[in-house]
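Read-outs throughout are calculated quantities, based only on the coordinates presented, and are distinct from any laboratory measurement. Only a predicted model underlies this, so the values are computations on that prediction, with no experimental measurement involved. Here the Cβ positions follow ideal geometry from the backbone for every residue, glycine too, while neighbour counts run over all protein chains shown.
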Amino acid sequence: MPVYFILEENNADWRMKIGRATNLKGRRGALQTGNSRPLKVVGWIEAVNEAETEKRLHEKYAAHNIGRDGGSSAREWFHLQPADILEDLHRAGIHGFVEKNTDAFEVVGHDRDGVPEYLGIWDWSSLELEECCPFCGCFCGMHFQDASQMFHCLSCDELTDFSQPEFDNEEDYRAWKEHEECLKVGPATKARRSRLD
Ligand SMILES: [Zn+2]
C-alpha cells in the first residue's frame, strides 16, 4: 500500500497530508470533497511496511504538524512543501514515485548530446532523467544501457533512445506510444505496464 503525499495549495500556506491509501486517486477525491482548496497528489512511496514508513515520516515531520480541527486526521497534516519531501521520495529509490506532469514530454530543448529536454515530470522541481523516470515517475531513474544504446527504466521497463517525434498534445503521444507498444516487448512487460498506467 502506498504512503502518499497530498498537497493542499493555499496561496503561501501550503499543507501536506502524509497518509496511506490503496487507491490514491480515490483518496484524493474523498479529501477534496468539501475542501475549496485544490488538492494534488505530489508523490508516494510503495512501502513494504507502509505503517512503519508512515509512522517514520510523521515522526520526522512532527515539528511541522498542524493540530488543526482536533480531528483524528489532523495528525496527518503538516506545514510542508513538495521540495521538503523530495528527499524522502529520492531515498525510497525504486519505491519512490512522483505524480507525473501531464505535459512531461513537451520538448523544451536539447542537451549537448542531443538528448531532448522535456518540460518536466514534476510541477515543483526539475528532475533529471537519471534520477526520475519520465514515463512512470519512479526514482530508480533511467539508465543508459551500453548493449542497446538506449535508456532503460527498471520500474516500468521502458526502453527508449528518445528518438520519438515531438508531440503537441498528450493524445498524439498516446497514439504514438500505443503503436510503439505493438512493436516491442513480451506479454509480461505489457501486463506490468498496463497495471502501472
Ligand atoms: Zn519508468
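Rounding to the nearest 20 debye, state how big the charge dipole of the range 1-46 is about its Cα centre with +1 on each Lys and Arg Cβ and -1 on each Asp and Glu Cβ.
My answer is approximately 140 debye.
Given H placed on each backbone N at 1.01 Å, which residues far from Arg20 in sequence or on other chains put an amide H within less than 5 Å of it?
Tyr4
For Glu59 and Gln145, FRET efficiency with R0 = 45 Å and r from the beta-carbon atoms, rounded to 0.05?
The formula returns an efficiency of 0.70 here.
Please state the shape class of the range 2-98: rounded when a/c is under 1.5, otherwise prolate if a/b exceeds b/c and oblate if not, all from the C-alpha gyration tensor.
rounded
Quick one: which residues, 5 or more positions from Tyr118 or on another chain, have an amide H under 5 Å from its amide H? H modelled 1.01 Å from N in the peptide plane, none for Pro or chain starts.
Amide H neighbours of Tyr118: Val108.
Against the empirical 2.2 N^0.38 Å scaling, what ratio does the C-alpha Rg of the range 74-114 come to? Can you show the working numbers first?
On the way: Rg = 15.1 Å, N = 41, 2.2 N^0.38 = 9.0 Å.
In units of the globular-protein estimate, the range 74-114 measures up at 1.68.
Measure up Lys60/Lys177; Lys17/Lys100; Lys25/Lys177 against 29 Å on the Cα-Cα distance and list the ones that go over.
Flagged as over cut-off: Lys60/Lys177.
Would you please give the residues with an amide H less than 5 Å from that of Glu158, counting only those at least 5 places away or on a separate chain, with H modeled from the backbone geometry?
Cys153
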